[in-house]
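Colleague: Before I ask anything, here is the structure I am working with.
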Number of protein chains: 2
Amino acid sequence: MEINIQKNVLEANETEADRNRKYFNENNVFVLNMMSSPGSGKTETLCKTLTKLAPKIRVGVLVGDICTTNDADRLAVTGAKVLQINTDQFGGDCHLAAHVVEKYALELGCEDLDLLIVENIGNLVCPAEFDIGEDAKAVMLSVTEGEDKPLKYPVIFQVADIAILNKIDLLPYLDFDAGLAVENMKKVHPQIPVFEIAAKTEEGLEPWIQWLKEKVAQKIGRK
Amino acid sequence: MEINIQKNVLEANETEADRNRKYFNENNVFVLNMMSSPGSGKTETLCKTLTKLAPKIRVGVLVGDICTTNDADRLAVTGAKVLQINTDQFGGDCHLAAHVVEKYALELGCEDLDLLIVENIGNLVCPAEFDIGEDAKAVMLSVTEGEDKPLKYPVIFQVADIAILNKIDLLPYLDFDAGLAVENMKKVHPQIPVFEIAAKTEEGLEPWIQWLKEKVAQKIGRK
């Protein structure tokens, strides 16, 4: 019974995600769904990344949190068009469902954007199951979270198109084997590209930014 | 409609949690529900804590993960009775529901225990909403996760009886204001006791262990 309810919710979400996909394609905007645990550094990474994309690439961000507009405030200074989604009005949802993304994407307006980033709720479980009509999914893991997380939370690493290993500037102070973490990512998703970065110091940001630029160019070229 | 389904699920869970509570009370075992993000250090904290409780306090642990038995393997060496719960067989659930805890608590057997710790799925959102019949809830935050997490994920801090701020040994290497983190916890839950610890170095463990011992003694004394 519980499984049927879950199936129905996911099927309804799929229909709404298809509607989003159509809207994003019509507006020729590349949409990236960024997922991670709370505090892995999604917002800091976006802050550092987006300043390097503007003004050539026109960026919008929908930033999901249960409460507060902290992240939107931080991101607004990059020059991106930013809208905060607070899920406390949707029952404190632990993920962004497609219909929630639709509501806010329409409010933000995608007509003048090349890239829309959806910073999902900090959660390594639920966001993995909800298609939002995005072009690609990124999963971020911080080196403070333990090498075994890809094995313990495999679904999010399986559905992601790329993985970002963040906070590598902290490696000297941790018992964390970055090689093992990447190996575990590839155990659950063999071909996944992994970008090792330190958002704070901007180490390793370039390949990830290059990946983003290529994806945006491909989508625009597909016009 | 979605809200009604959620309400029904939570009501069904409440009935099952009441059944658990009865079972735990009959067996005179203090039950603590430990919640946090993935990688905050629940397992490491329990490894260090449980060796200090045995053999005087007889401890059982139910450890929830979507996949793997890594955590159960780590905890087994403490001498506690440990059982791994993998939620991939329950649709990859992002929290431990009361009926799942019931199944495993019965399998573990609480007759010979003074303390049962339920290490919940790493998730700062969903576990907060599911009563499992426990005596107390603990929420853990790691100093690598950002001071604003209590404001962004307030429910879990509101329902928790205590908070643990872990990995304070990393403070010298981070821009993290521990005072502000505690202040934010108290903003959403003014009276919450906060234990600042470093599980790895065992700094600050004693007050938290003392709290646990007192709670167990109170429950046993209530016999």
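Colleague: Note down the relative contact order for chain A as a percent, whole number, built from C-alpha pairs under 8 angstrom at least six residues apart.
Modeller: Details: 417 pairs, mean separation 56.4, N = 223.
Relative contact order for chain A comes out at 25 percent.
Colleague: For region B:149-223, what class follows from the C-alpha gyration tensor (a ≥ b ≥ c being the square roots of its eigenvalues): rounded when a/c is under 1.5, otherwise prolate if a/b is larger than b/c, else oblate?
Modeller: Details: a/c = 3.18, a/b = 1.35, b/c = 2.36.
It is oblate, given that a/c is not under 1.5 and a/b is not larger than b/c.
Colleague: Specify the inter-centroid distance of region A:31-61 and region B:24-40, based on alpha-carbon positions, in whole Å.
Modeller: Between the Cα centres of region A:31-61 and region B:24-40 lies a distance of 37 Å.
Colleague: First select every other residue whose beta carbon is under 13 angstrom from the beta carbon of B:N33; then total the charges, Lys and Arg +1, Asp and Glu -1. Don't jump to the answer; show the numbers that get you there.
Modeller: Details: positive: B:R21, B:K42, B:K137, B:K215; negative: B:E119, B:E129, B:D131, B:E134, B:D135, B:D161.
Within the 13 Å Cβ shell, the charges total -2.
Colleague: Compute the Cα gyration tensor for region B:59-114, then decide on rounded, prolate or oblate, letting a ≥ b ≥ c be the square roots of its eigenvalues: rounded whenever a/c is under 1.5, prolate when a/b is larger than b/c in the other cases, and oblate in all that remain.
Modeller: Values: a/c = 2.88, a/b = 1.31, b/c = 2.20.
Here region B:59-114 falls in the oblate category.
Colleague: Let me know the shape class of the protein assembly as shown, please: from the alpha-carbon gyration tensor, a ≥ b ≥ c as square roots of the eigenvalues, rounded when a/c is under 1.5, otherwise prolate if a/b is greater than b/c, or oblate.
Modeller: On the way: a/c = 1.97, a/b = 1.57, b/c = 1.26.
Prolate, since a/c reaches 1.5 and a/b exceeds b/c.
Colleague: Could you give me the radius of gyration and the Dmax of chain B, taking only the C-alpha atoms into account and expressing both in angstrom?
Modeller: Both quantities, over Cα of chain B: 16.7, 51 Å.
Colleague: Taking only DSSP H segments of four or more residues, each worth -39500 (n - 2.57), what value at 222 nm results for chain B once the sum is divided by all its residues, to the nearest 500 deg cm²/dmol? The partial results should precede the final answer.
Modeller: On the way: 8 runs with 93 residues, N = 223.
That calculation yields -13000 deg cm²/dmol at 222 nm.
Colleague: At what distance in angstrom do the alpha carbon centres of region B:86-129 and region A:160-174 lie from each other?
Modeller: Centre-to-centre distance over Cα atoms comes out at 30 Å.
Every read-out reported here was derived from the displayed coordinates using simple, explicitly stated rules and does not represent laboratory data. Everything numeric here is computed off the predicted structure, so don't read it as measured data. FYI the Cβ positions are ideal-geometry reconstructions off the backbone, even for glycines, and counts take in every protein chain you see.
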